[in-house]
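S.K.: Please read through the structure below; I'll follow up with questions.
The values are calculated or read from the model by the stated rules, or taken from the named source; none is laboratory data. On a predicted model such as this, the values are computed, not experimentally measured, just so you know. Cβ placement follows ideal geometry from the backbone for every residue including glycine, while neighbour counts extend to all protein chains displayed.
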Amino acid sequence: MNKKNTQKILFIQRPSNELSLGTGTSSTFYWLKKTLVNSGKFEVLESKMIFNIKPFRSILSVFIYDYVNPVLTAFKYRKTKISHVVFMEPAQGFFIKIIKKILKNAKIVVIVHDFFYLEYSDLYHRYIKRLYRKVVDSTNYIITTTEENKILMQKQYPHFPLSLIFVLPWGITIGNAIENKKYEKLDSKKIILGYLGSSQSRKRLDRMIDVIEYLSEKGLNIHFIIGGPIASSYIDRLKKITNSNFSYKFLGQITENEKVIFYNSIHAFIFSTELEGFGLPILEAFYYKIPCILWIDAIVPAIFKKRCLLIDGKTDETLKKIEQLFQAGSLNTEENYIFSKTFNWNIYICFFLKNT
């Protein structure tokens, strides 16, 4: 790659390592970076931590990661000709005006994944609302991942030009897909359910475990594979399920390559989330030709939700739907796979080339 003929894009994001790539913003940044670099048109610069603060969720660590590190990163690249500065999350834009002064010729892009803060009115979320407004007022472009988020953007910030809000969904990685899984009749066969993600409160893992335990008590032979940065309290709950129809495997944090193995090992992805800005795990499940079991009250993009098996907790109706799913052998699996392939990271290449 001839670096002289490439645009330099600086990404401001929280620090990550290989074991955090399987979920969340770290995973999306990994693939976005890879797509841009492989195009040969961009050089990707990224914020690096000078030192580590633990635990990650402490007040000091958040202050360092979200507020101090972006400014130090901008100062580091002050003499570099940068075309765009991309904030992977608005929370990292606390000192956005200072960063604009340091990197005065760069276009500022903020990616808005979600509007969770609108659901709450406590002191912290009121602060987040003010921070978002500050960031929006100082950016050149806003990227949202769904049409629903764009509508919310317009309602919350009607003064921001509509023409500068771009809907660019996350992409799906091409390759590693497998032939459609064929399910046999239930009989005594195991049903392998999987979950990959965090244990944040909005993921509602207690509800997920309740349903899995309920299904096993009702006679279904359930094997549950769970991966990601999961709090020990949830693993302890799984250990306490003594039903002979239930077994589980905890993977811990996994790499992107291990994520492929995960999806190829399960019959269905179970997702008890309350709300998602985009819902990449759902799209990934579709891509690996796996049905997604979703709670009926989950707030996720409508184009995803209508393709999932919707349940309402540990009820007879849920049991019936799960049994029918595996007896039938699919849930629009091939159709969902084709749908998932329409989500491509290359739209970000077009965006950065066009809006320079």
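S.K.: Does residue 251 satisfy the condition of being surrounded by 16 or more Cβ atoms within 10 Å (Cβ to Cβ) and modelled with pLDDT of 90 or more? Spell out how you get there, then give the answer.
M.R.: Numbers: surrounded by 16 or more Cβ atoms within 10 Å (Cβ to Cβ): yes; modelled with pLDDT of 90 or more: yes.
Spelling it out, residue 251 is indeed surrounded by 16 or more Cβ atoms within 10 Å (Cβ to Cβ) and modelled with pLDDT of 90 or more.
S.K.: Sticking with this one: Which one of the conditions (1) modelled with pLDDT under 90; (2) aromatic (Phe, Trp, Tyr); (3) farther than 30 Å from residue 291 by Cβ; (4) in a loop (DSSP other than H, G, I, E, B) does residue 160 fail to meet, given that it meets all the rest?
M.R.: (1)
S.K.: Can you pull out the helices (runs of 4 or more DSSP H) entirely within region 6-121 that have at least 1 residues that are among the β-branched types (Val, Ile, Thr), modelled with pLDDT under 85 and more than 21 Å from the chain's Cα centre (by Cα)? Walk me through it before giving the result.
M.R.: On the way: elements: 24-38, 59-62, 69-76, 96-102.
Passing ranges, in order: 59-62.
S.K.: Answer yes or no as to whether residue 141 is surrounded by fewer than 18 Cβ atoms within 10 Å (Cβ to Cβ) and more than 23 Å from residue 302 (Cα to Cα).
M.R.: Numbers: surrounded by fewer than 18 Cβ atoms within 10 Å (Cβ to Cβ): no; more than 23 Å from residue 302 (Cα to Cα): yes.
No.
S.K.: Continuing with this model, one more query. Here are some residues: 230, 178. Which one is closer than 22 Å to residue 257 by Cβ, surrounded by fewer than 17 Cβ atoms within 10 Å (Cβ to Cβ), within 28 Å of the chain's Cα centre (by Cα) and modelled with pLDDT under 95? Walk me through it before giving the result.
M.R.: Values: 230 fails: surrounded by fewer than 17 Cβ atoms within 10 Å (Cβ to Cβ).
When all the criteria are applied, what remains is 178.
S.K.: Has region 274-284 got at least one residue that is within 30 Å of residue 150 (Cα to Cα), among the charged types (D, E, K, R), touching a residue at least 12 places away in the same chain (Cβ under 8 Å) and surrounded by 22 or more Cβ atoms within 10 Å (Cβ to Cβ)? Talk me through it step by step, then tell me what you get.
M.R.: Within region 274-284, the first condition is being within 30 Å of residue 150 (Cα to Cα), and the residues that meet it are 274-284.
Narrowing further to those that are among the charged types (D, E, K, R): 274, 276, 284.
So of that shortlist, the ones also touching a residue at least 12 places away in the same chain (Cβ under 8 Å) come out as 274, 276, 284.
Cutting the leftovers down to surrounded by 22 or more Cβ atoms within 10 Å (Cβ to Cβ) gives us 276, 284.
Checked region 274-284: at least one residue is within 30 Å of residue 150 (Cα to Cα), among the charged types (D, E, K, R), touching a residue at least 12 places away in the same chain (Cβ under 8 Å) and surrounded by 22 or more Cβ atoms within 10 Å (Cβ to Cβ).
S.K.: While we're looking at this one, here's another question. How many residues are farther than 29 Å from residue 342 by Cβ and part of a loop (DSSP other than H, G, I, E, B) when one looks only at region 125-157?
M.R.: 2
S.K.: Quick one: residue 192 ticks every box in (1) outside any strand (DSSP E or B); (2) touching a His at 6+ places or on another chain (Cβ under 7 Å) bar one, so which box is it?
M.R.: Looking at each condition in turn, residue 192 falls short on (1).
S.K.: Hey, another quick one. Could you tell me whether any residue of region 329-336 is in contact (Cβ under 8 Å) with a residue 24 or more places away in the chain and within 20 Å of the chain's Cα centre (by Cα)?
M.R.: yes
S.K.: Do you know which residues across region 199-227 are surrounded by 15 or more Cβ atoms within 10 Å (Cβ to Cβ) and among the polar types (S, T, N, Q)?
M.R.: If the condition is that a residue be surrounded by 15 or more Cβ atoms within 10 Å (Cβ to Cβ) and among the polar types (S, T, N, Q), then 199, 216, 221 are the ones that fit.
S.K.: What is the residue count in region 200-218 for residues that are more than 15 Å from residue 317 (Cα to Cα) and outside any helix (DSSP H, G or I)?
M.R.: 2
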